[in-house]
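Right, one structure below, let's go through it.
Values in this text are rule-based calculations from the coordinates and carry no lab data. Everything quoted here is computed from the prediction, not taken from an experiment. Cβ sites come from the backbone with ideal geometry, for glycine too, and all protein chains shown count toward neighbours.
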Amino acid sequence: MFFKEKRNLIILTIACIALLLVFVFLSPPFGIKEKNTIFPGQIKPDMKFTRMVYYFVQKDAKWTIKAKSAQLFQAQGRLLLNGIKAEVVSKNSNPVEIVANKGTYYLKSGRLHLQGHVVITTAQGDRLTTSALDYYSRQCMISTEQPVNIKGNGLELNGIGMKYYLNTGRLEVENQHSTIHNNTVNNNAETH
């Protein structure tokens, strides 16, 4: 029985040493970043574009995205955009214009992240302003966790965090404060 316990201890020791050697040989040297942690600004892009225009159709909506400049990082699956102006035209609604300082389009998921003074304006003059906004193409949803201001049709809505479902037209604003303005009568109503 003594030999059996000693044999199990030796096998366990060899297994631990083998696991330690695998970990040491597969991990990067100290101070060197792994390839997965390199950000697009730290490596050269696969392609650079100036005055890029991109068209696509998705679920009855035609998108035109213009950017002053763009950089494609194929391995990371990202397209970085600067100076964005987009127009979305669907069969069921009037054109919508979207502007943002910069953005990132994630190729695999179809998510478009916009940031830096994001403004969405409808043909009727309705306007949404925020500092960052995400468009999820698969869910047909836009959302933000940032402060948001929505103005239009005599209503001003402020909140922190928002979701808008494009298919249903459902709008959810977290921590909202709305003000109804009636320009013909001098009274204001506020709701919380």
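What's the exposure ranking of VAL57, VAL119, going from fewest to most Cβ atoms within 10 Å?
Values: VAL57 10, VAL119 15.
Fewest-to-most Cβ neighbours within 10 Å comes out as VAL57, VAL119.
What FRET efficiency comes out for THR64 versus ASN175 if R0 is 30 angstrom and r is the Cβ-Cβ distance? Round to the nearest 0.05. Please report the intermediate quantities before stating the final value.
Numbers: r = 33 Å, r/R0 = 1.11.
Using R0 = 30 Å, I get an efficiency of 0.35.
List, in the order given, every pair from LYS48/LYS108; LYS48/LYS163; LYS108/LYS151 whose Cα-Cα distance in the structure shown is over 25 Å.
Pairs exceeding 25 Å: LYS48/LYS163; LYS108/LYS151.
I'd like the FRET efficiency for CYS140 and ILE160, computed as 1/(1 + (r/R0)^6) with the beta carbon distance as r and R0 of 30 Å, rounded to 0.05.
Computed FRET efficiency for CYS140 and ILE160 comes out at 0.85.
Only counting other Cβ atoms within 10 Å, I'd like TYR106, TYR55, TYR164 sorted with the fewest neighbours first.
Fewest-to-most Cβ neighbours within 10 Å comes out as TYR55, TYR106, TYR164.
Quick one: length gained pulling GLN74 to LEU107 fully straight, 0.36 nm per residue minus the C-alpha distance?
Gain in length upon complete extension: 11.0 nm.
How much length, in nm to one decimal, is gained on full extension between SER131 and LYS91, taken as 0.36 nm per residue of separation minus their Cα-Cα distance?
Additional length available on full extension: 11.5 nm.
I'd like the Karplus ³J(HN,Hα) series for the stretch 152-166: coefficients 6.51, -1.76, 1.60, θ = phi - 60°, whole numbers in Hz, and an x wherever there's a Gly or Pro.
Residue by residue, the stretch 152-166 yields x, 6, x, 10, 10, 10, 10, x, 10, x, 7, 9, 10, 9, 5 Hz.
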